[in-house]
1. If you go through the range 264-287, how many residues are in contact with a helix residue (DSSP H, G or I) (Cβ under 9 Å, 6 or more places away or on another chain) and in a loop (DSSP other than H, G, I, E, B)?
2. I'm checking my understanding of the structure. Among residues of the range 100-136 that are aromatic (Phe, Trp, Tyr) and within 15 Å of the chain's Cα centre (by Cα), which one is farthest from Glu235 (Cα to Cα)?
3. Would you please name the residue that is nearest to Leu242 (Cα to Cα), looking only at residues in the range 143-172 that are in a helix (DSSP H, G or I), modelled with pLDDT of 95 or more and of a type in the set (Val, Ile, Thr)?
4. So, of the residues in the range 9-43 that are more than 17 Å from Ile95 (Cα to Cα) and small (Gly, Ala, Ser), which turns out to be modelled with the highest pLDDT?
5. Can you find, within the range 93-125, the residue that is surrounded by the most Cβ atoms within 10 Å (Cβ to Cβ) among those that are farther than 17 Å from Glu30 by Cα and aromatic (Phe, Trp, Tyr)?
6. Determine, yes or no, whether Leu6 is touching an Asp or Glu at 6+ places or on another chain (Cβ under 8 Å), modelled with pLDDT of 95 or more and not assigned by TED's automatic domain parsing to the domain that holds Trp256.
7. When the residues of the range 126-142 are filtered to those that are assigned to a helix (DSSP H, G or I) and without any contact (Cβ under 8 Å) to a residue 24 or more places away in the chain, which remaining residue is surrounded by the fewest Cβ atoms within 10 Å (Cβ to Cβ)?
Amino acid sequence: MIIVKLMGGIGNQMFQYAAARRLAHFRRTELKLDISSFNNIAPIDTLRKYELGVFNIRAHFAASYDIPQVRIAALFGKYGILLTHKLPFLRRYHIVEKHYHFDQDILTLHDNVCLEGYWQSERYFADTADILRKEFTFKTIADDSNLQVAEKISRAESVSLHIRRGDYVSNTATSSYHGTCSLEYYRAAVQAITARADTVHFFLFSDDAEWVRKNMAWIGPMTVIDINGPDKAYEDMRLMSLCKHHIIANSSFSWWGAWLSTNPHKIVIAPKKWFNNDSIDTRDLIPQTWTRI
């Protein structure tokens, strides 16, 4: 059995699932999802919930006693979690991400482990990409409003452009850690796309449509997508994935919108600056066929 601890929003959860699903596939074992973190969100953090239920994934929820650190805590009381980090034989079962960039050792882990981390690199699951593309399909059919936008996307040389604001602006801790992509980045990205693709139409996705309309009118032919609220953000991801090309934000949400696109000739522009902290090594975050500017 492979257990993965899910944290963050839908994009983060997809990375976590993908890494664990790959490991479970090669170990020919069951995958279980630990969603306990959504019951213990700190007041300063963005409120999150389990969001993978919209996909055709293959996994079950972990019971509390399935989780190694929970069993250890039951045996050792308040010192249990500390022990999982200190004792070598316990670390064999509770695998905590050591650093942000790709860790080759994760690919060779044994069965019966619990993964805790973000695992934000395609290299953790590149050899099971076909499986994940099938499982990251949506269970439900889009509603009429989204189907109309999807039709418009299919008829255009469509470019998804994602502007992440929300907690990147309103939450002090999140803003300090992540920051937002500058208008200079988007101008350079638009220029890079228009230099390589003709007669493009931009489809703008954001959690702040009003800001987009005020600040992005210069972009040219565009449609601002504002038909899906936060409870249907996955519909924005579905629409993103239908676009032919992509300009992503420093966000795992639009990373997956671009990755799920099946256009073999897609152009994907991503920001070089992913975090405010330049010491975080993001070299493995962006696939080699994408362009960072």
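1. The number of residues fulfilling the criteria is 13.
2. Tyr100
3. Here the answer is Ile153.
4. Here the residue is Gly11.
5. Among residues in the range 93-125 that are farther than 17 Å from Glu30 by Cα and aromatic (Phe, Trp, Tyr), the one surrounded by the most Cβ atoms within 10 Å (Cβ to Cβ) is Tyr124.
6. So Leu6 passes the test.
7. Asp130
The values are calculated or read from the model by the stated rules, or taken from the named source; none is laboratory data. Owing to the predicted nature of the structure, the values given are computational and were not obtained by experimental measurement. Note that each Cβ is placed from the backbone with ideal geometry, even for glycine, and that neighbours are counted across all protein chains shown.
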